[in-house]
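I have placed the structure first, in the form of structure tokens, so that the comments after it can refer back to it.
The values are calculated or read from the model by the stated rules, or taken from the named source; none is laboratory data. Since the model is a prediction, treat every value here as computed from it, not as a measurement. Don't worry about glycine lacking a Cβ; one is built from the backbone with ideal geometry, like all the others, and counts go over all protein chains shown. Note: accessible area is taken over every heavy atom of the protein model, side chains too, but ligands, DNA and RNA are not part of it. Shrake-Rupley method; radii C 1.70, N 1.55, O 1.52, S 1.80 Å.
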Amino acid sequence: MSATAKNLLRFLCASLLIMLAAAALNFVVDPLQLFRPARLFAAMYSQDSRMQDAGLIRSQDFDTVFMGTSLSIHFRQSDIDRLLGVKSLKLAMTGSTSHEQSFVIAAALERHPRRVIWQVDDWIFRDAPETDQDIYLPADLYRRNIRGLAGYLFSGAMARESAWILARSIPPLAPAVARLTTGVLFKFPIARVDDINTLRPDVDVAEAYNARKSVAAFRRVIDPVRSAYLAEGYSYQAMVKNFERDAVGLIAKNPDVKFDIYFPPYSILQWVAMRDAAPATLQLVFDFSAYMAQRLAQFPNVRLHDLRVAKETTHNLGNYADVIHHSPAIDLKVLSWLAAGTYVVDRAAPTASLERLKAQVAAYNVDETRGQ
Amino acid sequence: MLFNSYPFIFLFLPIALLGYFALGRLGNLAPVVWLALASLAFYSASNWQFVPLLMASVAFNYVIGLLLIAKPLGPAARLAAVTAGVAGDLLVLGTFKYAGFLAANLNAVFAAGLTVNILLPVGISFYTFTQIAFLVDAYRGNVARYALPHYALFVTYFPHLIAGPILHHRDMIPQFERKETKRPDPHLILCGLIIFAIGLFKKTCLADGIQPLVALAFGPTAPSFDQAWIGALAYTFQLYFDFSGYSDMAIGISLMFGIFLPLNFNSPYKAQNIIDFWRRWHMTLSQFLRDYLYIPLGGNRRGPVLRYVNLMITMALGGLWHGAAWTFVIWGGLHGLYLCVNHAWNNFGPAIPARLAKPANLAAFVLTFLSVVVAWVFFRADSLPSALSILSKMADPTQIVFGRGEIAYALFIAVYAGIAWFAPNTQTIMDYDHKNRTVGEALGGRRMRPLFLYATAAVLAFGILGIQQHSEFIYFRF
């Protein structure tokens, strides 16, 4: 063999060895705790819930799954457990679609929880890529197939996180590494599972959630330049199709699991914005909402909570950061309403609460926002 | 299929290499046919619906070229043939790339209500330009007669098909015809792998690594002064490492087959003026625009005024070649303006005293870089208002956040700038000489130093470990 051919072989072998070393590091540290719960190294968690959920489902003990979008991302598992008397696992994902949510819930249901608490709104049922075409959701990690596991083990980014977690577990280095651990540079900066995607302690809640901000957001969305976005992505047929497949399909397939589904308490301004700037879309949302309520009423394992009509909350604009996202204080109220069944929809009259919402929307006077 | 994907690296490339060299034992033509078929397979992996268009384009241009080269046509007939060929190419390119843009503009002006939804075939800009150059050279009598398989391979050759470099037939086809390229050369394969590794590292570790910062300026929320600059600089470096990474990978892959591709980048952000920048950035496009647009327009032969007009036309059309949007036209026009100012300064500006040469060079370097960054804002922005909004934020230092995140991002940017400004480029590291067809001579030739060998092996490993799903190259969309 010539000297160059030997060099070529050395080059390829060295590359392979380095890749195997990275895979070994990822396997041993296992930042997502896919193979085993963290014991050798301190557990660390990521805010990237689409990735992190795959590990949480494997590593955590739970009897209740909590799913939703950014509207439920800040909930604390400890609050859910305390107020509902369960052992929960929060899997909410910001901006998630019904395809993503249904896929992740289905993966969690393989661990046989008894209950699913699911924050559902019309928007999650918009048309979206299938999970295998979804570039944000690592579907193969949930499936734990060869592609998913190889992608996890042979990932340089994950090896960097593994090395960092390893360094953080070495006593002399631990304090310094902990101080340097920041979400800006590392994907696994959270030490407690209860802190995943909760509001950081340094966030000024009064500054983040107030009437000034919600009214400003309202004025932005009804601005003629942007108001077209209010109607974007809405298609009744597509939403019904996705609802049937992602929600009804999952519910029907798991008759032993209790589903607590709730429509979140948007601020009244969201509905008023649609009323004034996109009335056809509002009608579509109301129609779809009626369809969902009627369909869900047919399943004995579903309890639907319509929190949209919680007027004392939705009309108090100080509770919101914009027209839909509510404050942590409302998170707790939501949980207490779910526990008490305050806004449970009557199976015999599934659209009664929708009619109340329609009346509230029709009656709201935007002059009330003046001076905010 | 992406170069930065497991199927390409671990399946397609080894099979293509093995088939090429195995068939090389049988003769000189079979490997060429194999490589052309492999290139079509590569293209069809993600663009199968456009394979007939690609093949029709090859056949059309080959027939026109054959008419010009082999048939004894009179001058008028030759002119008619080349006109028909170039017009046919431009018609296809115009239909697929610019029909939607034209319709949108007609709708804006006349409220015409036209609707055009045509998918853009990947690589069409590159293979169209390649073949227009072939036809023009054939018309000028500068082309020898090529066999169809060699011509087809020249157009479809997979290392360059999707995003260049823009190849020249006189450079490539003689290499395809050489018997020596059909025998595996471990030295070329090793050097090719190392160049590929550097390109892969640039793409997966550097370009993809800085990509999230781009959203600071170009995302949905209005940036502050510092965020706008961080985002614009992040895009400046992302684009460079993405595209030069792709070009390195193309050169490396081709070298494994024994074929030397032309260089496309030469540390462009080290340029001290815009003329210099365009000699270093996307060099094969610059050469094409110079030879087949600027010079035929008259170049600098018709006086200074027309020279500036020709520069503006060439650069604006160069901008439009990148994409069917006014932002690209503005980007090209801005660079045309920069070039005019640069030429005017060279002609009419004062001479710099020797003692001021260093600070003057530094000032020229900074000014050139900032001018390029400003132009990239138009290149990247979704619309003109969006570009102007970002530029206005970059010019408004009254709003500064500079929190913990921004400080960390600024450090990131500094690292990238350090690499782009001070690190040697790939051809320097590898002593790659396209003209003389040599590589790696300065590395001890065939006895490479172990430290260098293992360091570059680590670069390959990190490049592969950095592969993310769904990370396309920016220039794929052009």
So B:PRO75 clears everything in (1) open to solvent by less than 50 Å² (accessible area, probe 1.4 Å); (2) under 17 Å from B:LEU135 (Cα atoms); (3) at pLDDT below 95; (4) not β-branched (Val, Ile, Thr) except one condition, right? Which one?
(1)
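Table: residues versus (1) at pLDDT below 95; (2) loosely packed, with under 14 Cβ neighbours inside 10 Å; (3) closer than 28 Å to B:PHE129 by Cα.
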{"site": "B:ASN273", "(1), (2), (3)": "no, no, yes"}
{"site": "B:ARG280", "(1), (2), (3)": "no, no, yes"}
{"site": "B:SER286", "(1), (2), (3)": "yes, no, yes"}
{"site": "B:TYR292", "(1), (2), (3)": "yes, no, yes"}
{"site": "B:LEU317", "(1), (2), (3)": "yes, no, yes"}
{"site": "B:TRP326", "(1), (2), (3)": "yes, no, yes"}
{"site": "B:TYR338", "(1), (2), (3)": "no, no, yes"}
{"site": "B:GLY349", "(1), (2), (3)": "yes, yes, no"}
{"site": "B:LEU356", "(1), (2), (3)": "yes, yes, no"}
Qualifying positions in segment A:1-42 - basic (Lys, Arg) and away from chain B (no Cβ under 14 Å)
A:ARG36, A:ARG39
With criteria (1) crowded, with 17+ Cβ neighbours inside 10 Å; (2) modelled with pLDDT under 95; (3) of a type in the set (A, V, I, L, M, F, W, C), B:PHE462 comes up short on (2)
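Go through segment A:20-42 residue by residue and tally those that are out of contact with any Phe, Trp or Tyr (no Cβ under 6 Å at 6 or more places or on another chain) and assigned to a helix (DSSP H, G or I).
Residues that pass the stated criteria total 8.
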Being within 25 Å of A:GLY156 (Cβ to Cβ) and among the hydroxyl-bearing types (Ser, Thr, Tyr) is the filter; apply it to segment B:420-469 and report the residue that is farthest from the other protein chains (Cβ to nearest Cβ).
B:THR426
So which pairs qualify, if the first residue must be in segment A:57-70 and open to solvent by 20 Å² or more (accessible area, probe 1.4 Å), the second must be among the hydroxyl-bearing types (Ser, Thr, Tyr) and in a loop (DSSP other than H, G, I, E, B), the Cβ gap must be under 8 Å, and the two must be at least 6 apart or on different chains?
A:SER70/A:THR94
Residues satisfying the stated conditions in segment B:10-43, i.e. surrounded by 17 or more Cβ atoms within 10 Å (Cβ to Cβ) and of a type in the set (Gly, Ala, Ser)
B:ALA16, B:GLY24, B:ALA30, B:ALA36, B:ALA38, B:SER39
Selection from segment A:69-118 of residues that are assigned to a loop (DSSP other than H, G, I, E, B) and closer than 17 Å to A:ASP48 by Cβ:
A:THR69, A:ILE73, A:HIS74, A:LEU91, A:ALA92, A:MET93, A:THR94, A:GLY95, A:SER96, A:THR97
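Okay, residues lined up against (1) more than 14 Å from chain B (Cβ to nearest Cβ); (2) out of contact with any Gly (no Cβ under 7 Å at 6 or more places or on another chain):
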residue	(1), (2)
A:ILE105	yes, yes
A:ASP121	yes, yes
A:PHE125	yes, yes
A:PRO129	no, yes
A:LEU137	no, yes
A:ASP140	no, no
A:ARG147	no, yes
A:PHE154	no, yes
Hits in segment A:152-193 - residues which are in a helix (DSSP H, G or I), closer than 21 Å to A:LEU34 by Cβ and either open to solvent by 30 Å² or more (accessible area, probe 1.4 Å) or of a type in the set (S, T, N, Q) (or both):
A:LEU153, A:ALA157, A:ARG160, A:SER162, A:ALA163, A:TRP164, A:LEU166, A:ARG168, A:VAL193
Residue under question is B:ALA457, and the condition is that it be open to solvent by 50 Å² or more (accessible area, probe 1.4 Å), in a helix (DSSP H, G or I) and at negative phi; does it hold?
no
Being assigned to a loop (DSSP other than H, G, I, E, B) and closer than 17 Å to A:SER96 by Cβ is the filter here; which residues of segment A:236-264 pass it?
A:PRO264
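For segment A:266-336, which helices (runs of 4 or more DSSP H) that fit wholly inside it have 2 or more residues that are surrounded by 22 or more Cβ atoms within 10 Å (Cβ to Cβ), of a type outside the set (S, T, N, Q) and touching a helix residue (DSSP H, G or I) at 6+ places or on another chain (Cβ under 7 Å)?
By residue number, A:268-277, A:279-296.
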The listed residue being β-branched (Val, Ile, Thr), within 14 Å of chain A (Cβ to nearest Cβ), within 16 Å of B:ALA420 (Cα to Cα) and part of a helix (DSSP H, G or I), out of B:ILE210, B:ILE195:
B:ILE210
Given the criteria within 14 Å of another protein chain (Cβ to nearest Cβ) and over 22 Å from the mean Cα position of the chain (by Cα), does A:ALA231 qualify?
no
Within segment B:30-57, tally of residues that are of a type in the set (A, V, I, L, M, F, W, C) and farther than 13 Å from B:PRO121 by Cβ
12
